[in-house]
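Each reported figure results from applying straightforward, stated rules to the coordinates on display, with no laboratory input. In this text the structure is predicted, and so the values were computed from the model without any measurement. Note: ideal-geometry Cβ built from the backbone for every residue, glycine included; neighbour counts use all protein chains shown.
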């Protein structure tokens with residue numbers, strides 16, 4: 001689409017784009033902003049009505065105190081209302097909106113041509129399977145699960161499976177060291193670790209399981225409650241494992257690395273694909289209070305000790321859904337790409353939760369740091385994902 005000529009340092013949007021936009025003018029934006037500030041209960045309640053709630057909130061829609069002189073600092077959204085964020089992201093889109101055949105993610109691997117896609121129905125089935133796996137491993141509502149994985153479909157499956165059963169996920173960026181992983185496992189009191197055998201970042205092979213084992217040994221030395229580690233066979237997988245462990249339409253990896261040395265402790269380690277083989281594709285979600293904790297994500301620690309930031313179910317769901325829709329002006333036919341790693345809050349909000357809450361189709365690019373591509377490469381990656 002040709003951009004209109006620049007005038008006064010501004011590029012004016014084409015009228016056809018303006019007419020279809022969710023916020024078509026500055027005046028419309030200012031009115032929405034005014035309402036969000038002056039009428040926050042009504043503003044957010046309208047957005048909340050777009051989602052499924054098992055029961056409605058019993059008290060105020062929004063309650064908070066930011067003045068330390070008036071007592072404890074707190075904020076509560078729709079306390080008493082019950083829902084499940086995974087149900088709203090997947091079941092609602094598949095069963096109510098009839099988006100089961102729509103592509104949820106186009107995945108682009110490290111090698112040219114190494115790609116796959118997964119529909120909303122397929123993603124729902126994989127998430128239910130892994131949620132059942134987690135329950136079989138003794139994970140229950142309120143437990144914490146550490147996830148240390150590259151940017152692969154299984155990462156999304158793992159985090160949504162945690163959300164489905166009310167467990168908190170604590171995702172650790174796959175570029176962090178064993179010390180960083182250990183520190184976050186201990187601080188969040190995780191009972192289970194999910195990782196992968198290895199992955200490529202460009203030409204560099206990262207033996208993720210080896211790093212994870214170093215972290216687990218450090219945790220064991222400090223009496224961590226973490227007992228098991230579930231491992232995705234990513235680089236070592238063969239073609240038949242792709243159909244069992246990920247998606248029936250997925251091709252084998254273009255660059256297999258079956259010689260990668262994966263350290264193994266049969267008392268601790270479990271293969272993802274073996275656990276998934278016989279797991280049921282149906283899993284009743286755990287209905288959670290809007291103020292129940294959803295996940296913990298740690299700051300990088302660049303200015304001191306990493307701090308765990310907790311997000312809760314209800315407020316986070318409607319916030320990410322609304323900001324994705326309005327900031328990116330998402331429409332059903334769009335294909336969207338967020339270049340952030342899921343290990344950061346941007347990736348949590350605008351690669352997983354926000355897009356799926358809107359029934360969007362996203363591009364998930366494997367394991368290469370955001371910003372490392374030239375515009376030409378970024379364009380070719382995006383175009384290669386288009387149907």
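Computed over the chain with a Gaussian network model linking Cα atoms closer than 10 Å, the most mobile of 179, 292, 223 is 223. Comparing region 2-131 with the 2.2 N^0.38 Å rule of thumb, its C-alpha radius of gyration ratio is 1.52 (two decimals). Computed FRET efficiency, Cβ-Cβ of residue 29 and residue 333, R0 25 Å: what is it to the nearest 0.05? Given R0 = 25 Å and the Cβ-Cβ separation, E is 0.60. Length gained on full extension, residue 344 to residue 203, computed as 0.36 nm times the residue gap minus the Cα-Cα distance: 48.5 nm. Fully extending the segment from residue 299 to residue 66 would add 81.7 nm, taking 0.36 nm per residue of separation and subtracting the current Cα-Cα distance. Volume of the convex hull of region 89-194 (Cα atoms only), normalised per residue: 95 Å³. With the cut-off at under 20 Å, measuring from each backbone N in region 295-323 to a point 7 Å along the Cα-to-Cβ line of residue 189 picks out 295-299, 306-313. Here the spin labels are modelled as points 7 Å beyond Cα on the Cα-Cβ line, and at residue 38 and residue 97 they lie 3.1 nm apart.
What's the whole-number percent of alpha carbon pairs in the chain lying beyond 41 angstrom? Every Cα pair in the chain considered, those over 41 Å come to 14 percent. Between residue 222 and residue 268, the contour length at 0.36 nm per residue exceeds the alpha carbon distance by 14.9 nm. When the chain is treated as a GNM with alpha-carbon contacts under 10 Å, the residue of 90, 19, 294 showing the greatest mean-square fluctuation is 19.
Put in order of Cβ neighbour count within 10 Å, fewest first, the listed residues 156, 18 become 18, 156.
Region 83-149 gives an Rg/Rh value of 1.05, both radii derived from C-alpha positions and Rh following Kirkwood.
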